[in-house]
Amino acid sequence: MIAPVVGRRFSEGSKIMNEQEKDLEKAEQEFFETIISMILYLNKNGIRLDAVREMIQVKVEDAFVQYPKLAEDCQWKNRTWQDDEDL
């Protein structure tokens with residue numbers, strides 16, 4: 001028989017953080033799998049690894065350049081959607 005753990009309670013905040021950490025871990029793993037799949041696909045289809053690396057770097061830099069505008073649009077759309085729901 002295993003004795004129950006006594007006095008080991010987690011605050012609501014740590015539960016939320018734990019869930020956020022799990023979500024982040026999952027997102028990182030999915031991102032890694034997507035990137036590795038792209039690298040494998042492109043390389044197996046004749047694109048050199050250095051060219052694949054450069055392509056990915058260019059796209060990442062472009063994404064960060066475009067992020068502020070896209071994030072602003074997304075926040076506006078989310079606010080509008082939430083406001084519409086209150087009507």
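The values are calculated or read from the model by the stated rules, or taken from the named source; none is laboratory data. This structure is a prediction, so every number in the text was calculated from the model and none was measured. Glycine also receives a Cβ, built like all others from the backbone with ideal geometry; neighbour counts cover every protein chain displayed. Note: areas computed on protein heavy atoms with side chains; ligands, DNA, RNA excluded. Shrake-Rupley method; radii C 1.70, N 1.55, O 1.52, S 1.80 Å.
The largest accessible area among Asp62, Asp23 belongs to the first residue in Asp23, Asp62, and the rest follow in falling order (1.4 Å probe, all chains). For region 32-74, the list of trypsin sites (Lys or Arg not before Pro) that fall in a loop by DSSP and count at most 14 other C-beta atoms within 10 angstrom reads Arg48. The residues Leu42, Leu70, sorted by heavy-atom accessible surface at 1.4 Å with ligands and nucleic acids left out, run Leu70, Leu42 from largest to smallest. Shown in residue order for region 55-65 are the 3J(HN,Hα) couplings computed by the Karplus curve 6.51 cos²θ - 1.76 cosθ + 1.60 at θ = phi - 60°: 4, 5, 4, 4, 5, 5, 4, 5, 4, 5, 5 Hz (x for Gly and Pro).
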